Structures are given as structure tokens and as C-alpha cells.
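Working notes for the structure below.
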Amino acid sequence: MSEQFKKKAVVLAAGKGTRMKSDLPKVLYPVCGKPMIEYVLEALEAAGVDEILVVIGYQGELVRKTIKPRPYLKFAEQKELLGTGHAVMSCREELEGFDGPVFIIAGDNPLLQSSTVERLFAEYESIGDASCIIGSVYKENPFGMGRILRDDQGNFVGVVEEKDATDQQRQIKEINISYYIFNTPDLLASLGALRANNAQKEYYITDVPKILLDRQKKILALPVLQPIECNGVNTTDDVKTVESLLNK
């Protein structure tokens, strides 16, 4: 990868994690004795990411103090918790003027693999004109997950969530677990078009690829994730599953 090819990452770490039954910010919940966000940061570090921006919100100072200090680590504050898209809006100042790729991921993905991050950045560089690459994966039982929609030629046309999917769409096994690489200027230009027209009244990063697609930008969904990465953490039962996988 060329020396000029700088890589940034945004880690979303502002949430409460209500279902974890803990007062801790979700990303600080321990997995095998270590805050789960540390696994994400270590994977990004191993993949050679040049700068990591952590978005903090709920108990933000505790998150800031708990994370191991790193010279390339910065923080952005999400003052109101209005969704993942809003979290990325909080990074505008730090991302302005950067014209390279930015990888966006939630901090509750302790099974993120550095090889996946490397592959996505390599694909971005090799394609050359993509506005967004979604890292997708095939899952045998994708219940509850957003499905990747493609046209007859196999081109990405959108993501449909389980609750909005037709019976036919629910048969799709290629899923989106919100691993994204964006062209930074295109990402920033699209944030203003995000609308909170959903039941939660929140702004979602998942809406950005469709906004870019509607602007005739190139959006790709590449099934390059590893099956293990499907295991995010939303409950204490999920923690047990992830710990078991890590111990293996």
C-alpha cells in the first residue's frame, strides 16, 4: 500500500448498552477481562490504521480514561445520542480536509479481524473510485440482520432490515453488519441529507450508502468478512458466546 495512502477509522463508542444490565458504557463491558473496545482498537492498530477517532457520549470521560493511550488516538463527543449517523456527524471537524478513506465500525465488535480491515482498505485502493464499500458476510441463519439487496447484474441496490423485508428478501443470506469504508469527502457531503424519519427519531449511518447511490456514486458490497465477525455483543449471553470464541 502506498505511503501516501493514509487510513483513518471512526469507532462508535457513545452508547449506554441498556441490555447489558450494567451502568458501564457498553464498549467498556469486559470480555475475557478486557474492555471490548480494546479488541477493536487492537485490530485497527494491527491493520496499520494511521488515525483512530473514538466517538464518546454516555460516560464519555470514563471511556476516555479507560482506553489505553495511543499516539494516533483522538476523541469526538456526541453530545446527544441521536443514532449512528449523528455520531459520525460529531466527527465532521476532525474529518474535514481529509480526502482518503475512513473505516467506520461500532466499538462493540470484539471479534473484528485485522485481516478484514486490511482487505477492505486494499479493495478501496484497488477499485479507486468507490464512494462506499460495505463489508458483507454470508450467514446461514440471518434472522434479525439487515440483508444486502442486489439487482439482476449483482450490483448493490440497498439494505433492507429484517422487520421491513418481504418473505422473499428474508431468504437472502448475505448480510450487513455495519463495517463500512467511505470516501471521506463523499461521506461528509452526504451527512446533511440524513433524516431522522424513523420510529426512534435517530440518524442512521446505514442510510448513507443509499443516499450516495441516489447521487450516482459507486457503492459496493463485498462479502469479505469472516463468519466469526457476525458475533456482535448486545446482551450478556452474547458476551459468553464471544468469550468462548476468543478462548478457542
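The values are calculated or read from the model by the stated rules, or taken from the named source; none is laboratory data. Every value quoted in this text rests on a predicted model; they were computed, and no experiment measured them. Cβ placement follows ideal geometry from the backbone for every residue including glycine, while neighbour counts extend to all protein chains displayed. Calculation scope for accessible area: heavy atoms of the full protein, side chains included, ligands and nucleic acids excluded. Shrake-Rupley method; radii C 1.70, N 1.55, O 1.52, S 1.80 Å.
Data table
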{"quantity": "Number of positions in the stretch 217-240 that are more than 17 Å from Arg147 (Cβ to Cβ), in contact (Cβ under 8 Å) with a residue 60 or more places away in the chain and assigned to a helix (DSSP H, G or I)", "calculated": "3"}
{"quantity": "Search result, residues across the stretch 131-184 that are touching a Pro at 6+ places or on another chain (Cβ under 9 Å), of a type in the set (A, V, I, L, M) and within 15 Å of Leu213 (Cβ to Cβ)", "calculated": "Ile133, Ile134, Ile148, Val159"}
{"quantity": "Counted residues, the stretch 231-248 - those being buried (at least 16 other Cβ atoms within 10 Å of the Cβ), among the hydrophobic types (A, V, I, L, M, F, W, C) and under 20 Å from Thr116 (Cα atoms)", "calculated": "2"}
{"quantity": "Residue in the stretch 1-35 that is least open to solvent (accessible area, probe 1.4 Å), counting only those that are over 18 Å from Ala76 (Cβ atoms) and of a type in the set (Val, Ile, Thr)", "calculated": "Val31"}
{"quantity": "Enumeration of residues in the stretch 191-216 that are touching a residue at least 24 places away in the same chain (Cβ under 8 Å), over 21 Å from Gly15 (Cβ atoms) and open to solvent by 80 Å² or more (accessible area, probe 1.4 Å)", "calculated": "Lys210, Arg215"}
{"quantity": "Options Lys74, Lys65; residue that is open to solvent by 10 Å² or more (accessible area, probe 1.4 Å), part of a strand (DSSP E or B) and of a type in the set (D, E, K, R)", "calculated": "Lys74"}
{"quantity": "Selection status of Tyr58, in contact with a Lys or Arg (Cβ under 6 Å, 6 or more places away or on another chain), open to solvent by 10 Å² or more (accessible area, probe 1.4 Å) and free of Cβ contacts under 8 Å to residues at least 60 places away in the same chain", "calculated": "yes"}
{"quantity": "One residue from Glu38, Glu42 being closer than 20 Å to Asn247 by Cβ, open to solvent by 60 Å² or more (accessible area, probe 1.4 Å) and within 18 Å of the chain's Cα centre (by Cα)", "calculated": "Glu42"}
{"quantity": "Subset tally (residues that are in contact with a helix residue (DSSP H, G or I) (Cβ under 8 Å, 6 or more places away or on another chain) and more than 30 Å from Pro30 (Cα to Cα)) for the stretch 212-240", "calculated": "7"}
